[in-house]
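Every number in this text was worked out from the coordinates using simple rules, so none of it is lab data. None of these values were measured; they are calculated from a predicted model. With ideal geometry, Cβ positions are generated from the backbone for all residues, glycine too; neighbour counts draw on all protein chains shown.
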Amino acid sequence: MKRALMACALLATLALSITALADNATKATGTAAGTTAAKAETAGKAAAADMMGHMQKLAGATWIDAPGYPAGCKVAALHKDATIACAYLKFPAGTKMAAHTHPAAHYATVISGTGTFGFGTDPAKGSPIAAGDFVYVPAGAPHWLTATSDVIVFGSMVGPEGTTYVNPNDDPSKGSASN
């Protein structure tokens, strides 16, 4: 996290330096440099705004189909940089997410809804989940989820994206999954 914050600070400083150089070029060379300076200034403002952070309300989230997840599952991206990603995930009632793994560690907090979550591959060996519950899934650890009601989760990961099903026939992107 410290590395990510330091990288953002470095980028913002670099962007502001570019903006200053572009402003000097505009004064020295006129209109063509002015266009470049305007673009650099916009980039500098964007970098500075990112340093300020942002806020996302659940009610205003933009939901899209969640790639690699069963039909009806949705994701609303919140933040992503080179190492960290955060999103809301929505699992409709009745969703059965078969045992799968991710190449990165995942951290999840149930925002609303109920279901069953388990490690490993045996759907008989899960634990009930409800609003407020937290789950840490190490990289490569098989896990699964069944949604009893509509479930919304806030999730974050540190590392590369990806979902690999323990049983390749369960992968919904292959068209043969038994959701």
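List the pairs from LYS80/LYS125; LYS57/LYS96; LYS96/LYS125; LYS74/LYS96; LYS80/LYS174; LYS96/LYS174 whose alpha-carbon separation is above 22 Å, in the order I gave them. The answer is LYS80/LYS125; LYS57/LYS96; LYS80/LYS174. Residues whose amide H lies under 5 Å from that of THR148, counting only those 5 or more places away or on a different chain, are GLY94, THR114, GLY115, THR116; hydrogens are built 1.01 Å from N in the peptide plane. Taking a sphere under 13 Å around the Cβ of ILE64 and counting the other residues whose Cβ falls inside, with K and R at +1 and D and E at -1, yields a net charge of +1. Working from Cα pairs under 8 Å separated by at least six residues, relative contact order for region 74-179 is 36 percent. The fewest-to-most ranking of LEU58, LEU78, LEU145 by surrounding Cβ atoms within 10 Å reads LEU58, LEU78, LEU145.
Using only Cα atoms, figure out Rg for region 58-174 and give it as a multiple of 2.2 N^0.38 Å. Normalised by 2.2 N^0.38 Å, the Cα Rg of region 58-174 equals 0.97. Distances between placed amide hydrogens fall under 5 Å for ASP133 paired with VAL110, all partners being 5 or more residues away or on another chain.
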